[in-house]
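Here is the structure we will look at.
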Amino acid sequence: MMQSFYILVLSFGIPCLSTTTIKIQNGFTPCEFYHDCQCTEDKKSSLYIADCSGLNMTHIRRFPDIIVKLTLRMNSLNEVKDGIFLENRLLRTLDLSFNRINTLSPSSFIGLEQLTELDLQQNSLSRKSLTYNVFAIFQRLVYLNLKGNLYQQFQPNISSLVRLKTLKMDFAYKETTILGKQLSNLKRLMRLDLSGFTGNCSIIHLTPQTFQYLPQIRHLNLSMCKIKSVQKGTFDKMKNIISLDLSGNACLKFQVLENVTIDLQFSAIKILKLNKIHKVFDMNTYLQTSHIRHLNNTAIEEFHLDSNRLQQIESGALKYFPKTLKYVSTRDNMFSIGPYLYDLMSMSIELFDISDMFKAHKEDRHPETCNMNFVCTWHREAQYNENQNIQMKELLFKSGQHYHDDNAVTIIPIPYRLKTLRFRSSDSKYQIAAVTLSNNKLERIDVSNNILSQLIGPLKNTKNLKYLNLSSNVCSNISTFFFSSDFNKLEELLLGNNLLGLVLPSDTFGQIFQNLLNLKKLDLSENRISILPNQIFKSQRKLEILDLSSNFLEKIDFKLSHLSHLSYLNLRNNLLTFIDSHTILGINHIVDMSKNLSINLLENRLVCTCNSESFIKWIGGTSVQLVNKNHTFCQLSTGKRILMVNIPEIYKRLEKDCTSYEVLISVLVVTILLFFIVLILGFSYRFRWKLRYFYYMVKIRSRSKIPQIDEDENEYMYDAFVSYADEDRLFIHTQLLQTLEKENGIRLCLHKRNFLPGNDIATNITSAIHNSRKTIVIMTYHYLKSYWCMFEFNMARMESIYERNNENVLFLVVFEHISARDFPLHILEVVQSQSYIEFPNEEQGDVVFWLQLVTALK
């Protein structure tokens, strides 16, 4: 079976990587004497190590005497010809495993007198092939592996191997359960492996005579040997035994433990493995005090009870474990709550593994037939107390579905010296509320691959914790106080494969991780994160590794520049198209301080376009190491994906393409802007007086203190507004005012007299024109040069057009002779299109002038 397995591995296990390739990667190169084999130099002896495995060889060829280790495993060898190794006297290790060798003779290994290690496992060595003492030639052999052969009813003669230290062989004899007396010569044998996991083993009963000739054994592996009983005294003489493995003997049950532990007391036992000594679908089991109490007289360090359907432990039993015990493994069991949990605090263990609880199983393909008298292992005095179980649950664990008391605190008993706790893959469905651990020295906790959907907390008394694995828990919520101040020593936090993309984006102020001041590694991979707040990692100044792979990040919004110790940033398999300039500045700041930063951008949606030109340029010139840079793709604007191998060439191409576009875009933008500016300026200039008029009219109407005239009424506040230059004021105040206002009762508006103080001049002018029936313009050279006179003239024009329905409100009085060429164009247009009156220089004309003026105004 094992031979077939290895052939399958070669054929299908690594389809894209040949065996030769693997050897070359490990420092092997083709041998000069046989190119199909791979060689490397042994540094101790300066000879060669030759690996000729997996070459489908049908016979052994002769090799030069320059090899210290030769591997011929996994070929198609049928025999070892006499004298084939005659020239290999320097050979020390020979591996002939996983072949079809069925014939050996006393001359097969001539020349290998100095051999120290021989591996013949998984061949076809029968009783016939081992009739002769084929191993007598080996005077220095210390390691021999004969497992997986066909000599079940015959114990090979190995009595001459007096230097042997490790023996791996099959043991499946119906006639006897005693290892032959010939083994008594092997005084140096320390390690005996009879395991059925790697060979053939069937020892129905273990008796005090089974190992009577091997009292010196230190390491004994009896796993998967179909053992059904162990008599008291079986291991009693093995006072030097260090490790004993009875795993995989499903018919043993816990009743056998008392016999085993009685024999092991006062021995040198350090490691005891009792995994799966119950059948998969037996009744749940109960560990009694009598099963383990004798271990108190040992210095045991490791104790394994995996896969035993263990549900309860007798109260007080755990106190019998000696203080030397450091590692306990009870994986794949079915523990329920009980008083024994308090006994945990009396244990001195440093590593406790209770993973894979309630794991699903299939029945063994070829299950053993056990004696039904030994099936039930539940102690008759161990009654199931339902009320006690409920009380313990209320005291210790609060199921998330029924836990609503915010003030309640769960206290979990922890062995004080415990440093590592593993509780993986146990299908535990809890919402972690307020939890306090008993006094402890815990440094590592692994509760991955459960269903801890809500981490509310706070979790307290974790002051020594350095490693916490909460990955693969379907967790969608972490409160801002779950990681209490007791986590100040935490260095590694694994939160991968959860649903934290639902909660982390709302942590605007970075409160979730704010107490993790010494964190060095943070794994947030596979969390469906689309965005991270800027301050999410504000407290992680010592962070060295940040894993954000396999999320939905489209850009990097979080602050990086303060992470001065960051050495690896994993952004693999996100939705990034490029890294923006702000983030690049932060990364450059890290590089300036640490000089050692790697970034993984594989499997993103990187683009090589004008928008990412600065990003491409940065990649080409930065000292940041891009992981698997030669396998990183980016997409061109044409849609083609290219490898980012030659960054300078890609950048030059972009620079060329994008520069022309930039110039064209810049010219178009400037042209359009200039066009609109000119258009706006032209429009403003063309309608400047109209705009100014409307502005002041709106201003006038919004101020109630300026007199207004109802537009529906025909009466105006003034009959005429007089527009004149200040240099002509003598004429206005002597003749015009006297004649029109005092003699003829025409109401005039003069800026010196009628303008409201406090208002700006332009507003007063516009208001006066609007509230006057006519506007008299005293046209002189001084008038033409005055800014405010021109303003009054144009406001009067706008008044006539937009407020008086094109009624002529302007009355021009040419006070002195002015040449047509001296008139501005817009005034000349008015002079030529409308009637005006000239002021006369003789007395008779003076009378006519005033008469016409009064008539026009009345």
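The values are calculated or read from the model by the stated rules, or taken from the named source; none is laboratory data. Only a predicted model underlies this, so the values are computations on that prediction, with no experimental measurement involved. Every residue, glycine as well, gets a Cβ built from its backbone with ideal geometry; the counts of neighbours run over all protein chains shown. Heavy atoms of the whole protein, side chains included, go into the accessibility calculation; ligands, DNA and RNA do not. Shrake-Rupley method; radii C 1.70, N 1.55, O 1.52, S 1.80 Å.
Restricting attention to region 260-283, does a residue exist that is at pLDDT 95 or above, open to solvent by 10 Å² or more (accessible area, probe 1.4 Å) and assigned to a helix (DSSP H, G or I)?
Looking for residues that are at pLDDT 95 or above, open to solvent by 10 Å² or more (accessible area, probe 1.4 Å) and assigned to a helix (DSSP H, G or I), one finds at least one in region 260-283, hence yes.
On the basis of being within 19 Å of THR583 (Cα to Cα), touching a helix residue (DSSP H, G or I) at 6+ places or on another chain (Cβ under 8 Å) and not aliphatic (A, V, I, L, M), does CYS658 make the cut? Spell out how you get there, then give the answer.
On the way: within 19 Å of THR583 (Cα to Cα): no; touching a helix residue (DSSP H, G or I) at 6+ places or on another chain (Cβ under 8 Å): yes; not aliphatic (A, V, I, L, M): yes.
Spelling it out, it is not the case that CYS658 is within 19 Å of THR583 (Cα to Cα), touching a helix residue (DSSP H, G or I) at 6+ places or on another chain (Cβ under 8 Å) and not aliphatic (A, V, I, L, M).
Within the bounds of region 390-397, is there any residue that is open to solvent by 40 Å² or more (accessible area, probe 1.4 Å), part of a loop (DSSP other than H, G, I, E, B), at pLDDT below 95 and more than 17 Å from PHE483 (Cβ to Cβ)?
Yes: region 390-397 contains one or more residues that are open to solvent by 40 Å² or more (accessible area, probe 1.4 Å), part of a loop (DSSP other than H, G, I, E, B), at pLDDT below 95 and more than 17 Å from PHE483 (Cβ to Cβ).
In region 34-56, which residues are part of a loop (DSSP other than H, G, I, E, B) and open to solvent by less than 20 Å² (accessible area, probe 1.4 Å)?
Those that are part of a loop (DSSP other than H, G, I, E, B) and open to solvent by less than 20 Å² (accessible area, probe 1.4 Å): CYS37, CYS52, SER53.
Just checking, how many residues over region 164-177 are modelled with pLDDT of 80 or more, assigned to a loop (DSSP other than H, G, I, E, B) and among the charged types (D, E, K, R)?
Number satisfying all stated conditions: 2.
Could you list, in sequence order, all residues of region 513-547 that are under 17 Å from LEU465 (Cα atoms) and assigned to a loop (DSSP other than H, G, I, E, B)?
Within region 513-547, PHE513, GLN514, ASN515, LEU516, LEU517, ASN518, LEU519, LYS520, GLN540, LYS542, LEU543 meet the criteria.
Select from region 94-112 the residues that are open to solvent by 50 Å² or more (accessible area, probe 1.4 Å) and out of contact with any Ser or Thr (no Cβ under 9 Å at 6 or more places or on another chain) and write down the one among them that is nearest to ILE60 (Cα to Cα).
Result: ILE110.
Could you say whether any residue in region 146-163 is modelled with pLDDT of 90 or more, buried (at least 21 other Cβ atoms within 10 Å of the Cβ) and not in a loop (DSSP other than H, G, I, E, B)?
no
Within region 563-580, how many residues turn out to be touching an Asp or Glu at 6+ places or on another chain (Cβ under 8 Å) and not small (Gly, Ala, Ser)?
So the count comes out to 10.
Is there a residue in region 193-200 that is more than 30 Å from VAL280 (Cα to Cα), in a loop (DSSP other than H, G, I, E, B) and out of contact with any Asp or Glu (no Cβ under 6 Å at 6 or more places or on another chain)?
No, region 193-200 has no match at all.
Looking at (1) among the polar types (S, T, N, Q); (2) open to solvent by 30 Å² or more (accessible area, probe 1.4 Å); (3) touching a Cys at 6+ places or on another chain (Cβ under 7 Å), which is the one condition that is false for ASN498?
(2)
Any chance you could count how many residues in region 341-367 are in a helix (DSSP H, G or I) and among the small types (Gly, Ala, Ser)?
At the first step, the residues of region 341-367 found to be in a helix (DSSP H, G or I) are 341-346.
Now drop any that are not among the small types (Gly, Ala, Ser), which leaves 346.
So the count comes out to 1.
Would a scan of region 277-286 turn up a residue that is among the hydroxyl-bearing types (Ser, Thr, Tyr) and closer than 19 Å to GLY338 by Cβ?
Yes, some residue in region 277-286 is among the hydroxyl-bearing types (Ser, Thr, Tyr) and closer than 19 Å to GLY338 by Cβ.
Would you mind listing the helices (runs of 4 or more DSSP H) fully within region 715-796 where at least 3 residues are open to solvent by less than 10 Å² (accessible area, probe 1.4 Å) and either of a type outside the set (D, E, K, R) or under 19 Å from LEU828 (Cβ atoms) (or both)?
Here the list reads 761-770.
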